[in-house]
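Structure first, commentary second.
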Amino acid sequence: MNEFRRIEDYLGELRRELPGGRRFKGRVLSEVEDHLREGVRREREDGVPVPDAERRVIERFGFPQLVAGRFAEELAGSGARSAAWAMVLATLGVMLLRFLPSPALGELLGMQANGFFEPAGPWPGDILPPHLRPAMDVAQFAFLAALGAGAFALWRVWRGGWGAEIPRGEFPVVASATLLALAAFAISGVADTVFMFQRAEAVPGSPSPLVHTGFAGVRALITATGGYFVVRAVFRLLSLQRLRTN
């Protein structure tokens, strides 16, 4: 341990500078340590004393702040990509859950020949009750906004090609788009839940409140999952910006 004192000090400073969780830091520090020790070994083969070998290898590798910045960019890029995918998959998942259930599922719940979330009969007088219009309009508009923002974020991620690194300048754009998608998705979920419960009261034969409660719970879980990835991407971007300003 004492033989490589400078490397140990370097790794300790790098640990303090690195963003991310314990697993990410552990992986990075392990890779860096292996690289530094291999460099010292090669220097030692040329007859360089350990202290000088450590100094040369560390100088070539770079200051801890710069190295942490490079790894922070990698972390921010993966976070932005995950957030974009999470929001697109969340919206597509709700579309599948909300609009594509088979009539057989509705029949299983006692609504013969109707889809899961469609009323058993028409609107009273074939006219949508006026008090249901605001919640339905907000739900639809916000959902389209979430889908559009998520698709835009994914497009910005993909512009360099599949699997390519995301340019540094794209990080704020992708993070902002996924934040917008998350906010719109949450608003759409609340408005759609209000609409479903209002419709259950206004339209005879609508699904029971238990069905709506179950759907609202599933949608809340989807929202929370997408929110986790979006918030994580934002924190990683903030960590990267902090490193740049130091």
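So here's what we get for this one:
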quantity: Lone qualifier among PHE63, PHE71 - being crowded, with 17+ Cβ neighbours inside 10 Å, aromatic (Phe, Trp, Tyr) and under 30 Å from VAL173 (Cβ atoms); calculated: PHE71
quantity: Residues (surrounded by 17 or more Cβ atoms within 10 Å (Cβ to Cβ), over 14 Å from the mean Cα position of the chain (by Cα) and either at pLDDT 90 or above or assigned to a loop (DSSP other than H, G, I, E, B) (or both)) located in region 157-181; calculated: ILE166
quantity: Subset of region 131-156 (residues that are crowded, with 21+ Cβ neighbours inside 10 Å and without any contact (Cβ under 8 Å) to a residue 60 or more places away in the chain); calculated: ALA139, PHE143, ALA146, LEU147
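Residue-by-condition table, conditions (1) in a helix (DSSP H, G or I); (2) surrounded by fewer than 12 Cβ atoms within 10 Å (Cβ to Cβ); (3) modelled with pLDDT of 85 or more:
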{"residue": "GLU3", "(1), (2), (3)": "yes, yes, no"}
{"residue": "LEU14", "(1), (2), (3)": "yes, no, yes"}
{"residue": "LEU29", "(1), (2), (3)": "yes, no, yes"}
{"residue": "GLU43", "(1), (2), (3)": "yes, no, yes"}
{"residue": "VAL48", "(1), (2), (3)": "no, no, no"}
{"residue": "GLU54", "(1), (2), (3)": "yes, no, yes"}
{"residue": "GLU59", "(1), (2), (3)": "yes, yes, yes"}
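The values are calculated or read from the model by the stated rules, or taken from the named source; none is laboratory data. Because the structure is predicted, anything quoted here is derived from the model rather than measured. Virtual Cβ from ideal backbone geometry, glycine too; neighbours counted across all protein chains shown.
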